[in-house]
Amino acid sequence: MNMLLPAISGVLAMTPMPKPPYRPFIDPVQIDGYWWMFLPLMALLIALVYKAVKHANLKTYWWAVAKMTLEIVAGMVLLGVTSYLVVEVFARYIVEHAPR
Amino acid sequence: MPLSPPSQVGAKDELQPAAALLAIAFPGLGHFYLGHIHRGACICAGIMGMFLTGLLIGGISCVDRRENFIWFMGQALVGPPTFIVDALHQNRFKVRDMQTIRSARPDEAKDPDTGSPTPIFMDNGVPSARTAKGQIIAPAYPPYVKSLGRTGELGTLFITIAGFMNVIVVVDAAFNVRAPRRRTQPTSSGARTLKIPGTESVGGAS
């Protein structure tokens, strides 16, 4: 019997449990494939707060927010491209051409 | 001499304790108190937008002072909203297993009477759980789903960045370096003078 218990619990553990209904703000959203789409939103919200504190003239506030958002997004894209080039091109080149 | 930037001319760099306390109490409230309604609204929308977006993406498990203390320290800078969410998380959603408080596993429900975990079993295709008093709960689900991977990372990051942005806001409200109502008036010599209510004129011709 003692030998059977782990086996039974193992079978029970493999039984797929039904997923609970989605509860907003309590359960996570499944965004594993497109998480990067939230980065522009993050940049926009950061710019919204930062420019509200630092920008002197509120008449050009929204223009400054849009500009800063684009700058952050462009910076992230540039960092991504640079990382890709370093890892996929530069490091590969060094490995392939290094003296053995 | 041209006018200095408005954030520096006639700056009142005295500590504003009431504004600072209100800014800590809720994002943007300090600026509302100082009369910067538009700025306060933008700050509130930005910080609470980040906070709620983080919660929406990663769920309530993103704010956890017991299992994720390092990140919680950054998130706590948002102020009371973080502590309220964490208190809800610890008291309403976690289970009490022996002497410890932990997240329920995907195959566990929370006993509403004791708060302890109780296993979920399938009863005629319906997920059910038995309480300590012998009652059957159907359907029974885990109190919440813990966020993992990118989802958890992004949700946690959103809320933590909201906390760090709130530090800038609190400092800005505490040291009010922006005179709220100022206007320029031409003088007899044609130069422009900056008038700040409650202070004498500053600036002027070079």
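Numbers below:
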{"quantity": "Estimated buried accessible area (total), pair B and A, 1.4 Å, Å² to nearest 100", "calculated": "3300"}
{"quantity": "Total formal charge among the other residues, if their Cβ is under 14 angstrom from that of B:Arg130, Lys/Arg +1 and Asp/Glu -1", "calculated": "-3"}
{"quantity": "FRET efficiency estimate (nearest 0.05) - Cβ-Cβ, B:Ala18 to A:Trp36, R0 41 angstrom", "calculated": "0.45"}
{"quantity": "Average accessible surface area per residue within the range A:30-96, 1.4 Å rolling probe, Å²", "calculated": "69"}
{"quantity": "List of the range B:128-154 residues, accessible area with partners at least 40 Å² below that of the chain alone (1.4 Å probe)", "calculated": "B:Tyr141, B:Val145, B:Arg150, B:Thr151, B:Leu154"}
{"quantity": "Inter-label distance for A:Val86 and A:Lys19, nm, one decimal - labels placed 7 Å from Cα along Cα-to-Cβ", "calculated": "3.7"}
{"quantity": "Averaged over A:40-51, number of beta-carbon atoms from partner chains that fall within 10 Å", "calculated": "6"}
{"quantity": "Where labels lie 7 Å past Cα in the beta-carbon direction, separation of B:Ile37 and B:Thr114 in nm", "calculated": "5.7"}
{"quantity": "Calculated FRET efficiency for the pair B:Arg105/B:Ala138, C-beta based, R₀ 30 Å, to 0.05", "calculated": "0.95"}
{"quantity": "Modelled FRET efficiency - R0 51 Å, B:Ala25 with A:Tyr93, Cβ distances, 0.05 increments", "calculated": "0.35"}
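The values are calculated or read from the model by the stated rules, or taken from the named source; none is laboratory data. Note that the coordinates shown come from a computational prediction; the quantities given were computed from them, not determined experimentally. Backbone-built Cβ (ideal geometry, glycine too); neighbour counts: all protein chains shown. For the accessible areas, the whole protein counts, side chains as well, though only heavy atoms, and no ligand, DNA or RNA atoms are used. Shrake-Rupley method; radii C 1.70, N 1.55, O 1.52, S 1.80 Å.
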